[in-house]
Amino acid sequence: MIIKTKQDEIQNYLIDASNTKGFCDAVYIPENVFEVAEVIKEANEKKQSVTISGNGTGLTGARVPQGGIVISTEKLNKIIEINTKEYFAIVEPGVLLSELQDAVKSKGLLYPPDPTEPNCFIGGTVATNASGARTFKYGPTRDYVEELEIILPGGDFLNLNRGENFADDLSLSLKTSSGKDIKLTLPDYEMPKTKNASGYFCKRNMDAIDLFIGSEGTLGVITKIKSKLLPMPAEVISCILFFESEKSALNFLTKARDKSYRTRAVNKNDSIDAAALEFFDENSLNFLVNDYSNIPPNAKAAVWFEQQCKENEDILLEQWTDLFLEYGGKEEDAWFALTEKDKENIIGFRHTISTNVNEYITLNNFRKLGTDVAVPDEKLIDFYYAIKKDVEEKKLDYVIYGHLGNSHLHLNMLPKTEEEFTVGKLLYKNICNRAINLGGTFSAEHGVGKNKTEYLVEMYGQENVNKMRMLKKTLDPNYILGVGNIFEKE
Ligand SMILES: Cc1cc2nc3c(=O)[nH]c(=O)nc-3n(C[C@H](O)[C@H](O)[C@H](O)COP(=O)(O)OP(=O)(O)OC[C@H]3O[C@@H](n4cnc5c(N)ncnc54)[C@H](O)[C@@H]3O)c2cc1C
């Protein structure tokens, strides 16, 4: 096991992509699960804080330590098995998402979760229940996790298989591999019906495995993951459509969303059924124009869609084109991906807006002020215009883009001064509260981390957050893991 204690060697572990900064005494890099168990057991005995680190692409400060030690999962990086007959993969947590995606693709299979940043570790994606563009059709990471091996703070192993251990109403019993019984009482708050990555997943009669997915490094170290795979679709249509009016783009998008739902409801495969439905406002396009000079100059917004198909590409393309024209689109303002390389370029276009924003905030040395809110579908359009009006009234630079098919959007404020950052922070709070009050969430995919804990209280109330803390304390009595993530220590 490598142990790093020199400050110049551990700087990379003291930050994440949100530009949140931290400090710690040492970074432990175990090479097998027994070393993980050893380190965490010792830290537990010493009551020393432990922050689990994936690849640091998180956007909430969750892997950024505030003292104690870091356990990095980077050397637990083996793909253990890809099973092409039963469609599953077993991996260690430090496997890169891009590596798993490429490995299964080479065997004709698909691992659907696709957070925009492919440089994250699978362990990180499970710990945050990450999702991405294709979540619109395929759901978040949670939907693919079949089995987990977890090491608890005392060093005990816990193996959970989906479908084997359910709560009895709000009582959940876990048995560790050493035979220890752990009895948990689940809080009974109602989670929003939107896409959601805020706080513990808790509900009556739930599957035990779901508690650990999205628990942001606060309950145990995930050391092995078995994930479900799907057959790779024969063909994928991928297009970016540019509109000369923002309203038309939004109307097109909601129409395509509703058509997709209808197609799925009747289980057809010859009609519009987007896998991904992503939006870019005019400011996002302006932010991208240096990288993509061929963005049509009159474009006021764009929509990227992807649809999987099988020998019916022409029929589907015709339907998409008709819909585009119906909403004022012009054929010359569409980028159709004809080759694999074109498809990758389109994914690159979506990735670039996120990385450009993150680079901007790092360059200006601010913490990220990017919303991760989702609202019920029927509230999306009014919500969009309301928050856009708010940010414009405050005269802040901003971009809005993201997974609007899931009614989930990233409004990123781009402050230029400390004063603007302060104004932006207040506005950020208003936007989160507005989403919560509409029955949505302040975090649809990035999680709560250390930077969004106050909104969890807004969403579920202090009493329920206290119950989450109690639940954590049952699994982590010395309160050493992921301290400050999801909720404050006390
Ligand atoms: C440009 C960009 C785009 C992004 N787009 C998306 C997106 O579309 N969708 C999305 O969901 N996210 C997105 N993210 C956020 C980020 O990529 C995800 O949250 C990702 O899942 C984090 O993985 P990581 O390995 O980097 O984890 P880290 O940032 O290192 O850690 C995240 C959390 O997971 C915990 N953790 C990590 N590994 C383990 C483990 N083995 N056991 C227990 N806990 C663990 C950490 O303690 C921490 O709480 C984006 C980030 C960037 C920079």
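Among beta bridges identified by DSSP and lying wholly in the stretch 2-72, the antiparallel ones come to about 35 percent. Going by neighbour counts of Cβ atoms within 10 Å, the residues Val95, Val266 line up, fewest first, as Val266, Val95.
Looking at the square roots a ≥ b ≥ c of the eigenvalues of the Cα gyration tensor of the stretch 2-72, which shape do they give, rounded for a/c under 1.5, prolate if a/b is larger than b/c, or oblate? Prolate, since a/c reaches 1.5 and a/b exceeds b/c. Helix 33-46 against the longest principal axis of the chain: what's the angle in degrees, Cα atoms only, rounded to the nearest 10? With rounding to tens, the tilt is 60 degrees. For the chain, the relative contact order comes to 18 percent (Cα pairs under 8 Å, sequence separation of at least 6). Straight-distance candidates among the aspartates and glutamates for linking to Lys388, with alpha-carbon spacing under 19 Å and chain neighbours fewer than 8 residues away dropped: Glu244, Glu246, Glu278, Asp281, Glu282, Asp372, Asp377, Glu378, Asp397, Glu420.
When the alpha carbon gyration tensor of the stretch 278-392 is reduced to an equivalent ellipsoid, its three semi-axes come out at 28, 19, 14 angstrom, largest first.
Shown here are the Rg and Dmax of the Cα trace of the chain, at 22.2, 66 Å. The simple spin-label model puts a point 7 Å past each Cα toward its Cβ; for Asn267 and Ser98 those points are separated by 3.9 nm. Taking the average, over residues, of other Cβ atoms within 10 Å as the packing measure, peptides 17-28, 123-134, 476-487 rank 123-134, 476-487, 17-28 from highest down.
Look at where the Cα atoms of the stretch 408-451 and of the stretch 201-275 average out, and the two centres are 23 Å apart. The order of His410, His446, going from fewest to most other C-beta atoms within 10 Å of their C-beta, is His410, His446. Per-residue ellipticity at 222 nm, computed for the chain from helices alone with -39500 (n - 2.57) per DSSP H run of at least four residues, works out to -10000 deg cm²/dmol. Take every DSSP beta bridge whose two residues both sit in the chain; close to 85 percent of them are antiparallel.
Size of the stretch 235-437: Rg and Dmax of its alpha carbons, in Å, are 17.3, 56.
Remark: for residue pairs Lys6/Lys180; Lys195/Lys247; Lys107/Lys341; Lys255/Lys389, the C-alpha separation exceeds 29 Å in Lys6/Lys180. Rg over Rh for the stretch 352-490 works out to 1.00, using Cα positions for both radii and the Kirkwood form for Rh. Once the Cα-Cα distance is subtracted from the 0.36 nm per residue extended length, the Asn430 to Glu313 segment shows a gain of 37.8 nm.
Cα extents for the stretch 79-231 along the principal axes, largest to smallest and rounded to whole angstrom: 43, 36, 26.
Every read-out reported here was derived from the displayed coordinates using simple, explicitly stated rules and does not represent laboratory data. What you see is a predicted model; the values in this text were computed from it and never measured. So basically every Cβ, Gly included, is an ideal-geometry build from the backbone, and we count neighbours across all protein chains shown.
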